[in-house]
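What follows is calculated from the coordinates using simple rules that are stated; it is not laboratory data. Keep in mind that this is a model prediction, so the values were computed, not measured. Methodologically, a virtual Cβ is constructed for each residue, glycine included, from the backbone with ideal geometry; neighbour enumeration extends over all protein chains shown.
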Amino acid sequence: MRSVYFHGNNKSRVFHDQGCRYFNCKNCTELFQNRQEAIQAGFKPCGICKP
Ligand SMILES: [Zn+2]
């Protein structure tokens, strides 16, 4: 079973990888298993963790 690799911020529409300090941010309620899934959902990669 695969775990969740990315969290997407519902407000800023930015997603983060597991190592990012914003991974568990307050608005990071969208869960993605891969990068493509996040991008297709309209999210952009975080500028800090660069997922
Ligand atoms: Zn990040």
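So who's got an amide H within less than 5 Å of the one on L31, skipping anything under 5 residues away but keeping other chains? H placed 1.01 Å off N, in plane.
Hits under the 5 Å cutoff: G8.
For N24 paired with I39, estimate the spin-label separation in nm (one decimal), with each label point 7 Å from Cα along the Cα-to-Cβ line.
2.9
Using the Karplus curve 6.51 cos²θ - 1.76 cosθ + 1.60 with θ = phi - 60°, work out ³J(HN,Hα) for each residue of the stretch 16-27 in order, rounded to whole Hz, and write x for Gly and Pro.
Taking θ as phi minus 60°, the curve returns 10, 8, 5, x, 6, 5, 9, 3, 9, 5, 4, 9 Hz for the stretch 16-27.
Per residue of the chain, what 222 nm ellipticity follows from adding -39500 (n - 2.57) for every DSSP H run with n ≥ 4, rounded to the nearest 500?
My calculation for the chain gives -2500 deg cm²/dmol from helical runs alone.
Summing Lys, Arg as +1 and Asp, Glu as -1, what charge do residues with Cβ under 14 Å from the Cβ of K50 carry, K50 excluded?
Residues close to K50 contribute a combined charge of +2.
Going 7 Å from the Cα of K50 along its beta-carbon direction, which residues of the stretch 1-33 have the amide nitrogen within less than 18 Å of the resulting point?
15-23
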